[in-house]
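Written below as structure tokens is the structure these notes are about.
The values are calculated or read from the model by the stated rules, or taken from the named source; none is laboratory data. For clarity, every value in this text was computed on a predicted model and none was experimentally measured. Every residue, glycine as well, gets a Cβ built from its backbone with ideal geometry; the counts of neighbours run over all protein chains shown.
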Amino acid sequence: MQENNPEIAEESLKEKTAKGLFWGGVGNGALQIAGLLFGIYLARTLSIEDYGLVASLLIFTGIASSIINGGFTYALVNKQDTTQKDYNAVFWFSFLTSILLYIILYFSAPLIAIFFEHPELTLLSRVLFLSFIFASIGTVPHAIIFKQIRVKEQAIIEIISILGSGTTGVFLAWKGFGYWALVAQSTIYILLNTLSKLIIASWRPNLSLDFNPLRTFFSFSIKILLTNIFLQINANVFSAILAKVYNITQAGYYSQSNKWMSMGNNLLTGMIHSIAQPVFVAVKEEKERQVKIFRKMIRFSAFLSFPAMLGLAFISNELIILAIGEKWSACIPILRLLCFIGAIYPIWHLYTQLLISHSKSDIYLKGNIIQGGLQIAVLLALAQHGLLVMVIAYVTTYYISLLYWHYHVNKIIGIRISELIKDILPYIVITLAVFTIVWLLTLNINNLIMLLISKILLSASLYSLILWFSKSIIFRECVELLFKKR
């Protein structure tokens, strides 16, 4: 039989991975461009305090969304023979949990407002937290689409969601609704995302409330759940600490900086996330093949993330001032520092996805607890030294945590740190060399628009030329993929 031929299987997986990366790039690219355009208008129209108010609630929305998911998405993807009973049990657990959480947070809203000393947060949080219920309905459809590596469909879903929610946010901001524009944008995005997944996945729950299938997932999923909670704390604790220790304005500056970094980072990580775990699961019994795929994904990540994210830091001054105005200039040094997280985050993400594909949720949990605990301790200890010192320490924890992830991945598939350095070092060196040359070439350009355009065009051209003449395999494969008709 042809399907048992390993060469055909390898080609099939390679084709599926290539298509996944292509459509992941298209979808995430369109998503980030649309988000950029909507974000520019909102940032120019709304106040720094508007962003700070919404940012102060992100830690609650993040933790709640983790609890709703319960880690079952990864469990459903890892299980080879998933049944309707499995899907149904996960759906009802997520949905009922979301309602319980909303009730709890609804009555806790006044306490949240008192904690941050902003009474308007009571009603604002009660509306924003409705998104928990919407998100829970999409948990199983998302798992089905993700498991089948239907990246093209995921791209369509994301584009529909961002266009609908962005248009809503812009309209409300234009009408003078302030922070409600941000709340509406976030809530409408999740609602449209969920409805689109329900339509595309073509799956519906039944009324059977049988939770027995969850027992087979529980040991794995509870660790993913706890890990996701820590991930959300790690990602959003900074805004909460700033809003409490300093003020809403400082939280707003950090939120805007993180938003710009995340736009670039989400494009890269989103491409990889759409295919990484399903591909690793497909080859987890073939160690040599998994090592080959893992290292190629590491090289692909480095090829894109270092020039993209360090490039964002390189043009941050011109970009922020031209796009959203002088009032946000305090974001520039923060953004530059956060870009160093974005540069390694796709690699960080690949390590964790490989561990999850081997059901190592205990290692995943411990790593994030350690990193999260370290981040909170560092942030609180350095709060008196100012925002930039806190950001530097926060960024450093991500680099330190790479050692933990590498240690455990090495135990599973046997990849040495020297191999990792060999895979990513050329892209770091080329990127830094390119930006140094371009910086020297553009020193005498004073017009911000010309400076921004020159930096982007010269950097992209020089980076591409160096990779082409050095016969970079990753670069040539990407060029072929880009121009190949699909």
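Give the number of residues within the range 108-123 that are closer than 16 Å to residue 177 by Cα and at pLDDT 90 or above.
Within the range 108-123, residues that are closer than 16 Å to residue 177 by Cα and at pLDDT 90 or above number 1.
Okay, residues lined up against (1) touching an Asp or Glu at 6+ places or on another chain (Cβ under 8 Å); (2) touching a residue at least 40 places away in the same chain (Cβ under 8 Å); (3) surrounded by fewer than 19 Cβ atoms within 10 Å (Cβ to Cβ); (4) not basic (Lys, Arg):
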| position | (1), (2), (3), (4) |
| --- | --- |
| 323 | no, yes, yes, yes |
| 327 | no, yes, yes, no |
| 335 | no, yes, no, yes |
| 339 | no, yes, no, yes |
| 354 | no, yes, no, yes |
| 357 | no, yes, no, yes |
| 364 | no, yes, no, yes |
| 369 | no, yes, yes, yes |
| 372 | no, yes, no, yes |
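Collect the residues in the range 209-224 that are in contact with a helix residue (DSSP H, G or I) (Cβ under 7 Å, 6 or more places away or on another chain) and surrounded by 12 or more Cβ atoms within 10 Å (Cβ to Cβ), keeping them in residue-number order.
211, 213, 214, 217, 220, 221, 223, 224
Report whether or not residue 134 is of a type outside the set (Val, Ile, Thr), within 25 Å of the chain's Cα centre (by Cα) and at pLDDT 85 or above.
Numbers: of a type outside the set (Val, Ile, Thr): yes; within 25 Å of the chain's Cα centre (by Cα): yes; at pLDDT 85 or above: yes.
Yes.
In the range 423-442, which residues are exposed (fewer than 15 other Cβ atoms within 10 Å of the Cβ) and within 26 Å of the chain's Cα centre (by Cα)?
Selection gives 425, 429, 432.
Test residue 412 against the criterion of being surrounded by 17 or more Cβ atoms within 10 Å (Cβ to Cβ), of a type in the set (A, V, I, L, M, F, W, C) and out of contact with any Gly (no Cβ under 9 Å at 6 or more places or on another chain), and give yes or no.
So residue 412 fits the description; yes.
Could you grab me the full set of residues in the range 186-208 that are of a type in the set (Gly, Ala, Ser) and either surrounded by 20 or more Cβ atoms within 10 Å (Cβ to Cβ) or closer than 21 Å to residue 55 by Cα (or both)?
Residues of the range 186-208 of a type in the set (Gly, Ala, Ser): 186, 196, 201-202, 208.
186, 196, 201 - these are the residues of the range 186-208 that are of a type in the set (Gly, Ala, Ser) and either surrounded by 20 or more Cβ atoms within 10 Å (Cβ to Cβ) or closer than 21 Å to residue 55 by Cα (or both).
Six or more apart or on different chains, Cβ under 6 Å: which pairs go from a residue in the range 394-418 that's without any contact (Cβ under 8 Å) to a residue 24 or more places away in the chain to one that's part of a helix (DSSP H, G or I)? Could you list them?
Once the first residue is without any contact (Cβ under 8 Å) to a residue 24 or more places away in the chain and sits in the range 394-418, its partners that are part of a helix (DSSP H, G or I) give 417/406.
Need at least 2 residues that are over 28 Å from residue 204 (Cα atoms) per element, so show me which helices (runs of 4 or more DSSP H) inside the range 88-162 make the cut, counting only ones lying wholly within it.
121-128
Suppose we filter the range 416-453 for residues that are under 17 Å from residue 467 (Cα atoms) and touching a helix residue (DSSP H, G or I) at 6+ places or on another chain (Cβ under 6 Å); how many remain?
Step one: of the range 416-453, the residues under 17 Å from residue 467 (Cα atoms) are 422-438.
Checking the rest, the ones that are also touching a helix residue (DSSP H, G or I) at 6+ places or on another chain (Cβ under 6 Å) come to 423-424, 427-428, 430-431, 434-435, 438.
The qualifying residues number 9.
Report those helices (runs of 4 or more DSSP H) wholly inside the range 295-401 carrying at least 1 residues which are in contact with a Cys (Cβ under 9 Å, 6 or more places away or on another chain) and among the β-branched types (Val, Ile, Thr). Steps first, please.
Numbers: elements: 316-324, 331-357, 361-382.
Because the criterion is at least 1 residues that are in contact with a Cys (Cβ under 9 Å, 6 or more places away or on another chain) and among the β-branched types (Val, Ile, Thr), the helices (runs of 4 or more DSSP H) in the range 295-401 that meet it are 316-324.
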